[in-house]
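Mind having a look at this structure? Questions to follow.
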Amino acid sequence: MNAIELVQGAMKKAEKIRPKVGGFPYLAECMREAGVLKNVWTLPAGQSTFWTSAGVISVTNSPMVSGFHEVPVFDQEALIKALRADQAGQTTFPEFLSATWEAGVIS
């Protein structure tokens, strides 16, 4: 199995078993079990890099912004709010990424 198949398989498995609320630990465990060693997101580019037991892959999603933009100042309270909303199942993953970017998170 190559690295792309490994990550895609873990995502599919997690999608089937994770609950709507509090689902991230299920995704993380499926990734770990499959051999994902590290995952880094780069915002606002929407790029995700996975280091796996089968190699390293990069996934380019739709960028959140284009052109030149100032990085928002880090706002810990806004980040905690984004995390709590995601954990409660109140946001989609793209909405979560947007809220983390707006809270000043870039990686």
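Go from 0 up to the bin containing the longest alpha carbon distance in the range 1-42, width 5 Å each, and give me the % of pairs per bin.
Once binned at 5 Å, the Cα pair distances of the range 1-42 give 5, 25, 31, 22, 13, 2, 0.
Further question: Could the peptides 53-66, 29-42 be put in order, highest first, of the mean number of other beta-carbon atoms found within 10 Å of their residues?
Values: 53-66: 12.4, 29-42: 15.5.
Top to bottom by mean Cβ count within 10 Å: 29-42, 53-66.
What number does the chain give for Rg over Rh if you use C-alpha atoms and the Kirkwood radius? Provide the component values of the computation, followed by the final result.
Working: Rg = 14.6 Å, Rh = 14.8 Å.
Ratio value, two decimals: 0.99.
Which whole-number value in Å² is the accessible area per residue of the chain, probe 1.4 Å? Before the final figure, lay out the partial values.
Values: 7300 Å² over 107 residues.
So the chain comes to 68 Å² accessible per residue, rounded to a whole number.
Still on this structure, I have one more. Could you grab the relative contact order for the range 18-107? Cα pairs under 8 Å, six or more apart, rounded to a whole percent.
29 percent
Given R₀ = 30 Å, FRET efficiency for I80-V56 by Cβ-Cβ distance, to 0.05? Before the final figure, lay out the partial values.
On the way: r = 31 Å, r/R0 = 1.03.
The value I calculate is 0.45.
Next question. About its Cα centre, how strong a charge dipole does the chain have in debye, to the nearest 20, once Lys and Arg get +1 and Asp and Glu get -1 at the Cβ? Walk me through the numbers on the way to the answer.
On the way: 9 positive and 10 negative charges, 85 e Å.
My answer is approximately 400 debye.
Rounded to the nearest 500, what is the 222 nm mean residue ellipticity of the chain from helices alone, with -39500 (n - 2.57) per DSSP H run of 4+ residues and division by all residues?
Details: 4 runs with 48 residues, N = 107.
Mean residue ellipticity at 222 nm (helix-derived): -14000 deg cm²/dmol.
The values are calculated or read from the model by the stated rules, or taken from the named source; none is laboratory data. Bear in mind the structure is a predicted one, so any value in this text is a computation, not a measurement. Methodologically, a virtual Cβ is constructed for each residue, glycine included, from the backbone with ideal geometry; neighbour enumeration extends over all protein chains shown. These accessible areas exclude ligands, DNA and RNA; they are computed on the full protein's heavy atoms, side chains included. Shrake-Rupley method; radii C 1.70, N 1.55, O 1.52, S 1.80 Å.
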